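*Asks:* Take a look at this one; I'll ask things after.
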Amino acid sequence: MLKLLRMVKDFFGNKGPSASLHSLDDPLYLIPGTKGVFTHGNAVEATLIAGAPGSGKTSAAAKMISNAMLQKGYGLCVLCAKPDEGKTWVEYAKNAGRSEDVVWFKKGSNLEFNFLQYELNRTGEGAGDTGNITNYLMMLYELTSNFQAGNGGGGNDDRFWDQSLRRMISRTIALLKFTNVELTMENLRRVVADCFSLDDWERYDDLLNVIKELTDELVEIGKKADENHPVNMDEERPKEKLEKELAKYEERLSKWTKSNFFLSVWRKVLVRENLNEDEQFEQYLLDEYWLRSFPKLSDKTKAIIVESYNNLVEGFTSGILRQMFSKGVSEDLKPENTYLKGKIVIVDFPVKEFGVSGLYASAIYKIMFQAAMERRNTDREKEPRVVGLHIDEYQNFISPQHDSLFMATSRSSMVACVFITQNIHNIMMCMGRENAEARAKSLLANIGMKYFCSNNDFETNQYASNLIGEDFFEARDHTYSGDGFKSEVSKMELRPRLRPDQFTNLKTGRKRNKFKVEAIAFKAGFDWQNEQNYAVVEFDQ
């Protein structure tokens, strides 16, 4: 009891932001309507808020948690799905005295985040690794494909095309890195747009052979002249004529190189010298892919791979992606500043406003933020700080496999995820056609705290009821005899602690509910101090 009172005192005694050490045992907030103290340690085990539209999940539950994180000095990464969400967060930060920490990344903000440049120049031994960059781009492709198609892939055919796309991305990145050409989305696009077919390689080889033959002839003429051998004009072409012909073919090659980005890059491969063993193997892989493997694919197969590739990179040719994600890297946007400096990065490119480009923008930062947090080593930090990842309309930003893995290790990185969505079907839709339900529930299982607001989705309510489980309740059976005699038998029956229909009757705020929002809170192993494994929570809207 004394421990609880001390924690409550600490909680109410610290209303301003704190840049000091976040002990995982210290309180973040008191769970409304209960005696439960929600600690930083609970927060880094992730939180889900589910509820039907209008249930109060954002305006009440999420608002309370957001303000608690701001008050306690959390660094934050916030992805905005709705047009007014960025302004709301700026107001939250202002009310918490954190305005100076806000980095409002939006159109017209003059902030830039070229994630390829960031990955190449960041600290750490894995910086610029081709495999890492390829994985990031594949996650981006997967997320946007899910958004556009309404569900993910997962069949054998999908895996074949995904692997083919992954190989093209990897070999394109490797080509640019091997030749020291700037790694940008525009250059990634141009390499594939101009890459050679078998006919192009044949034409290129023929041109090189002609240039070599003419060059050899001129060398021979020079040798004979040096040796004072007479030149038989009937057998040898005049030197001037050869030089003009050579210049003509060299000019042809020069113009081709200037007009074809792939060729200009490829010629840099040929001039690399003094290669070590690893570089020689890398050159072999480049030759194998660009000279033999890819050009020999059927036109249909090649077209599908290139179209998938273009679907990934074409968005960076215009709009916000070209303006803000293809050039430099603003210092304030480096994800590590969320835990080093307590920055509140608001990524405000709402999907409702910017469509797929907004999804790309948010997904890019989310992917790089998660990667930075996974590299984080809190043991090396003098005063480690908890960082929040807050995503409303979470279904728009799910990375099916990576998010589940991230949440499994987010505790050690001191990252407190808060995900808000309407129902579990939203999550299942993003999990592909195979084992979608199992994959969705695997992801949900890695989320510690779950708030279930009012919902009309039966499966979500059934899922919540199943989580809370069953208990024995007293039941009475009555029997009546013909003469009206009644007998009563009492017995214990195993029933759900909460039936699915009970989630439909929770308060949803607004004036008619006196601006009160109810939710069922569940967290395994949490001490609710009510002899139950759940609690009915009431938030102020």
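The values are calculated or read from the model by the stated rules, or taken from the named source; none is laboratory data. Source: prediction; values computed, not measured. Positions of Cβ are backbone-derived with ideal geometry, glycine not excepted, and every protein chain shown enters the neighbour counts.
*Asks:* For the range 321-336, how many residues meet the condition of being within 18 Å of the chain's Cα centre (by Cα) and assigned to a helix (DSSP H, G or I)?
*Replies:* 3
*Asks:* If Thr179 satisfies every condition in (1) under 26 Å from Ile364 (Cα atoms); (2) modelled with pLDDT under 95 but one, which is the exception?
*Replies:* That leaves (2) as the condition not met.
*Asks:* Now for a separate question. Here are Gly315, Gly342, Gly328, Gly355: which of them is touching a residue at least 40 places away in the same chain (Cβ under 8 Å), surrounded by fewer than 17 Cβ atoms within 10 Å (Cβ to Cβ) and of a type in the set (Gly, Ala, Ser)?
*Replies:* On the way: Gly315 fails: surrounded by fewer than 17 Cβ atoms within 10 Å (Cβ to Cβ); Gly342 fails: surrounded by fewer than 17 Cβ atoms within 10 Å (Cβ to Cβ); Gly355 fails: touching a residue at least 40 places away in the same chain (Cβ under 8 Å).
After ruling out the rest, the residue left standing is Gly328.
*Asks:* For the range 43-64: of the residues being in a helix (DSSP H, G or I) and buried (at least 24 other Cβ atoms within 10 Å of the Cβ), which is farthest from the chain's Cα centre (by Cα)? If you could, list the steps in order and put the result at the bottom.
*Replies:* Looking only at the range 43-64, we keep the residues that are in a helix (DSSP H, G or I), and these are 43, 57-64.
Filter again for buried (at least 24 other Cβ atoms within 10 Å of the Cβ), leaving 43, 57, 60-61.
Details: Ala43: 21, Lys57: 24, Ala60: 27, Ala61: 25 Å.
The qualifying residue farthest from the chain's Cα centre (by Cα) is Ala60.
*Asks:* Among helices (runs of 4 or more DSSP H) lying entirely in the range 379-460, which contain 3 or more residues that are at pLDDT 90 or above and assigned by TED's automatic domain parsing to the domain that holds Asn513? Give the derivation first.
*Replies:* Numbers: elements: 400-409, 424-428, 436-445.
Of the helices (runs of 4 or more DSSP H) lying wholly inside the range 379-460, those with at least 3 residues that are at pLDDT 90 or above and assigned by TED's automatic domain parsing to the domain that holds Asn513 span 424-428, 436-445.
*Asks:* Taking only the range 68-94 into account, find how many residues are under 15 Å from Ile346 (Cβ atoms) and either in a helix (DSSP H, G or I) or free of Cβ contacts under 8 Å to residues at least 40 places away in the same chain (or both). It would help to see each step written out before you state the result.
*Replies:* First, the residues of the range 68-94 that are under 15 Å from Ile346 (Cβ atoms): 69-70, 74-94.
This time we only want the ones that are either in a helix (DSSP H, G or I) or free of Cβ contacts under 8 Å to residues at least 40 places away in the same chain (or both), so: 69-70, 84-94.
Counting residues in the range 68-94 that are under 15 Å from Ile346 (Cβ atoms) and either in a helix (DSSP H, G or I) or free of Cβ contacts under 8 Å to residues at least 40 places away in the same chain (or both) gives 13.
*Asks:* Any residue in the range 464-481 that is assigned to a loop (DSSP other than H, G, I, E, B) and either within 23 Å of Ala60 (Cα to Cα) or at pLDDT below 90 (or both)? Write out each step before concluding.
*Replies:* Pass one, the range 464-481, residues assigned to a loop (DSSP other than H, G, I, E, B): 469, 481.
Checking the rest, the ones that are also either within 23 Å of Ala60 (Cα to Cα) or at pLDDT below 90 (or both) come to 481.
Looking through the range 464-481, at least one residue is assigned to a loop (DSSP other than H, G, I, E, B) and either within 23 Å of Ala60 (Cα to Cα) or at pLDDT below 90 (or both).
*Asks:* So which of Glu459, Glu493, Glu437 ends up being over 31 Å from the mean Cα position of the chain (by Cα) and not aliphatic (A, V, I, L, M)?
*Replies:* Working: Glu459 fails: over 31 Å from the mean Cα position of the chain (by Cα); Glu437 fails: over 31 Å from the mean Cα position of the chain (by Cα).
Residue meeting the stated conditions: Glu493.
*Asks:* Please go through the range 266-309 and pick out each residue that is assigned to a loop (DSSP other than H, G, I, E, B) and of a type in the set (Val, Ile, Thr). Lay out the reasoning, then the answer.
*Replies:* Kept after step one, since they are assigned to a loop (DSSP other than H, G, I, E, B), are these residues of the range 266-309: 271-276, 294-298.
Matches in the range 266-309: Val271 only.
*Asks:* Would you be able to say whether some residue in the range 519-541 is touching a strand residue (DSSP E or B) at 6+ places or on another chain (Cβ under 6 Å), modelled with pLDDT of 90 or more and charged (D, E, K, R)?
*Replies:* yes
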